[in-house]
Amino acid sequence: MTDSNYDPYANRNVDKPISNIGAFISVIKCVVGTGVLALPLAFQYAGTILGPLLLIATAFVLIHGIQMLIICMVECSRRVQVGYTNFPDSMAYSFSQGPKCFKYIAKAAGYLADITLCIAHYGICVVYLVFVSSNVMNVLERYIFMGDLRCYIAIFGVLSIPAFCIIHLKYLVPINLVANILIYVGFAMIFYYIFQNLPPFTDRAFVGDPMKLPQFFGIVLFSISSVGVFLAVESKMAKPQKFIGWFGVLDIAALVVVISYIIFGIFGYWRYGEGVAASLTLNLPDEPLSVAIQIILAIDIFLSFPLSGYVVINIIMTHFWNKSGNLKRAVLKEIILRISFVLVATLNGVAFPDLGPLLSLVGALTLSLLNLVFPAFMEICLYYPDGYNYGRYKWKLVKDIIMIIFGALILIQGTIFSIIDMIVYYGHM
């Protein structure tokens, strides 16, 4: 066993650290997005009583998975006696401490962690560009002209380059703050419509159709988590020990998100009932205020692009290209990499603007792995060697096995529904 008194936090050196408030703003930004617009539909599936309960339970499991992942990364740093161990190195080290079958794939597990994160966040960036372009095109076609969606994607891809060239996460905090303000202003404007002609609350189902619960979980799962940004924020904090634990940055942000989601989901379903659309903006009347809402949401997502893409660039630079920290002209090369990333994502969106269902499949595969399966396997392996244990009655081992099973079910369910959506969507093209 290694020195149990070694404190990785005390030995972590961070360039341009962010404050607890900055971390909170960034976490809220990476979670609260357009996914919230589908929550009223999710509550139609689950009901006004069962929906909030399942949302809270799901959020608890996902947040616990993130906390467990970070705790495992800190434990790896303590055992190796370094200030910080990134996700892939932590995966590789954890697997090397586990049973023989895990030791054989330890190095591959580290690469798998990086690949999974990059695919997930690259896909999000492409979707963001398509979403912004689609919304702006829908607004402009009412007053000026429609044009081609691909042209809008190209324009907004180029416009996103300056903000995307901001290297340090600390300097993205003001942008994230503006984005957070915009999206909550947009929600407030939507509530103007929601509070008009509310029917009796008893007209809505308290408990939904059990056969539709998989759709509920699909919407909720994709509306809550953003593992890559969580890890990036924690790694750049001035006081990273304040990120997890009771009343840490993550817990407080999760509380704000869950309360926001419950209010929005319940009231949206209460107002529109069985007629609620997949995105609540589709239920709004065609008038100037609803157009303003579309514009506000489009600006919010446009400002979210640099934060999501930061994860991929950070992995490429710190895990591969400049892992030693001795790369010459590192800033210039990173800016070139960032511009190249935006251009590739833009070209991807221009060439294939209808990638939504395919990217949902990618999301289904990556979400369960990053949030549940990987952290559980890491904890199992870390406490496998002699001198460590899984607690009384091996409760940690039991909990981890349950998380792996739950993650596998989410993966299978999400994959099946995404493939069905792909068949339906592309079959009608």
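The values are calculated or read from the model by the stated rules, or taken from the named source; none is laboratory data. Bear in mind the structure is a predicted one, so any value in this text is a computation, not a measurement. A quick note on method: Cβ atoms are made from the backbone with ideal geometry, for glycine too, and the neighbour counts reach across all protein chains shown.
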Counting only residues in region 246-290 that are under 20 Å from the mean Cα position of the chain (by Cα) and assigned to a loop (DSSP other than H, G, I, E, B), the one surrounded by the most Cβ atoms within 10 Å (Cβ to Cβ) is identified as 248
Residue 196 vs (1) more than 21 Å from residue 267 (Cβ to Cβ); (2) exposed (fewer than 14 other Cβ atoms within 10 Å of the Cβ): all pass except (1)
Residue 208: passes all of (1) buried (at least 23 other Cβ atoms within 10 Å of the Cβ); (2) not in a loop (DSSP other than H, G, I, E, B) but (2)
Of the candidates 40, 52, 88, the one satisfying the condition of being touching a Gly at 6+ places or on another chain (Cβ under 6 Å) and under 30 Å from residue 293 (Cα atoms) is 40
Filtering region 182-197 down to residues that are touching a helix residue (DSSP H, G or I) at 6+ places or on another chain (Cβ under 9 Å) and aliphatic (A, V, I, L, M) yields 182, 183, 185, 189, 190, 194
If you go through 343, 382, 361, the only one that is over 25 Å from residue 85 (Cα atoms), modelled with pLDDT of 85 or more and not acidic (Asp, Glu) is 343
Considering region 1-21, residues that are touching a helix residue (DSSP H, G or I) at 6+ places or on another chain (Cβ under 7 Å) and outside any loop (DSSP other than H, G, I, E, B), and then whichever is modelled with the lowest pLDDT, we arrive at 9
Restricted to region 291-320 and to residues being in contact with a helix residue (DSSP H, G or I) (Cβ under 7 Å, 6 or more places away or on another chain) and of a type in the set (Ser, Thr, Tyr), the residue surrounded by the fewest Cβ atoms within 10 Å (Cβ to Cβ) is 308
Test result for residue 181, of a type in the set (Val, Ile, Thr), within 17 Å of the chain's Cα centre (by Cα) and either under 16 Å from residue 43 (Cα atoms) or assigned to a helix (DSSP H, G or I) (or both): no
Problem set entry | Check on residue 24, in a helix (DSSP H, G or I), of a type in the set (Phe, Trp, Tyr), at pLDDT 90 or above and under 26 Å from residue 309 (Cα atoms) | yes
Query raised in the report: In this structure, is residue 200 free of Cβ contacts under 8 Å to residues at least 12 places away in the same chain and more than 23 Å from the chain's Cα centre (by Cα)?
Result: yes
